[in-house]
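These notes concern the structure reproduced below.
The values are calculated or read from the model by the stated rules, or taken from the named source; none is laboratory data. Computed from a prediction, not measured in an experiment: that's the story for all the values here. Cβ placement follows ideal geometry from the backbone for every residue including glycine, while neighbour counts extend to all protein chains displayed.
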Amino acid sequence: MSPLISPSILSANFGHLEKDIEMINRSEADWIHIDIMDGVFVPNISFGFPILKYVAQLSEKPLDVHLMIVQPEKFIPEVKALGSKVMNIHFEACTHLHRVIQQIRDAGMEPGVTINPSTPVWMLQDIINDVYLVQIMSVNPGFGGQKFIPHSVEKVRQLRDLISQSGSKALIEVDGGVNLETGARLVEAGADVLVAGNAVFGSSNPAEAIWALKNL
């Protein structure tokens with residue numbers, strides 16, 4: 001089965017954001033990936049909700065919102081107001097992770113949990129049946145254009161085993177350094193969703209790049 005493709009607008013041209021979103025709308029992309037950074041949990045700041053309201057108005061694709069912030073539970077109403085499909089929070093950012101997962105679901109969104117490169121997959125075993133997806137960071141979060149961490153492929157395999165053993169229906173999403181070469185390895189290992197930024201927006205034909213990833 002073809003992977004779901006979620007282009008990351010962190011790599012889009014914000015001088016021509018409407019044009020880039022319209023390209024995604026016309027493409028074979030499945031979702032739009034939105035990275036929200038606070039400069040605390042990660043050493044960078046991306047964009048806030050005034051810009052995201054604009055993105056939500058333009059997008060015809062479901063929103064895949066990834067919060068790289070401390071206390072993400074504070075922003076459940078704002079993410080919900082965007083009409084988001086997925087609200088994805090970091091394992092490392094939540095003291096009471098199970099509670100936040102339930103709050104996201106109660107708000108009418110699909111809960112996702114992301115793990116950093118240094119966080120082992122086995123730490124998800126107590127919540128794997130409660131989430132819609134798990135996102136594996138294949139770079140250290142905070143900046144686009146980083147080099148893919150090869151061990152991420154093995155982490156996908158480990159996560160696929162955990163999902164199978166637990167009876168979970170969770171999807172596996174991978175974010176960071178995804179291109180045709182790494183994407184093929186990730187899909188072979190069991191990834192369901194590929195997040196791609198530079199591989200899409202750095203291409204001379206972004207819609208064609210999305211098609212190529214979709215057809216791995």
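What about Gly144, is it surrounded by fewer than 21 Cβ atoms within 10 Å (Cβ to Cβ), touching an Asp or Glu at 6+ places or on another chain (Cβ under 9 Å) and at pLDDT below 95? Criteria met by Gly144. Could you please let me know if Phe91 is crowded, with 17+ Cβ neighbours inside 10 Å, of a type in the set (Phe, Trp, Tyr) and at negative phi? No, not satisfied.
Exactly one residue out of Val153, Val139, Val187, Val134 is closer than 22 Å to Ala209 by Cβ, outside any helix (DSSP H, G or I) and either of a type in the set (A, V, I, L, M) or at pLDDT 95 or above (or both): that is Val139.
Of the strands (runs of 3 or more DSSP E) entirely within segment 20-90, none holds at least 2 residues that are of a type in the set (Lys, Arg) and under 16 Å from the mean Cα position of the chain (by Cα). Would you please name the residue that is farthest from the chain's Cα centre (by Cα), looking only at residues in segment 149-170 that are hydrophobic (A, V, I, L, M, F, W, C) and surrounded by fewer than 19 Cβ atoms within 10 Å (Cβ to Cβ)? Ranking the candidates gives Leu162 first. Filtered by the rule that a residue be among the acidic types (Asp, Glu) and in contact (Cβ under 8 Å) with a residue 24 or more places away in the chain, segment 162-187 gives Glu173, Asp175. In segment 49-74, the residues that are of a type in the set (Ser, Thr, Tyr) reach residues that are assigned to a strand (DSSP E or B) with C-beta atoms within less than 8 angstrom, at least six apart or across chains, in these pairs: Ser59/Ile32. If the condition is being in contact (Cβ under 8 Å) with a residue 12 or more places away in the chain, surrounded by fewer than 15 Cβ atoms within 10 Å (Cβ to Cβ) and assigned to a loop (DSSP other than H, G, I, E, B), then segment 97-119 contributes only Gly108. Residues in segment 109-142 that are over 16 Å from the mean Cα position of the chain (by Cα) and of a type in the set (Asp, Glu): Asp126, Asp130.
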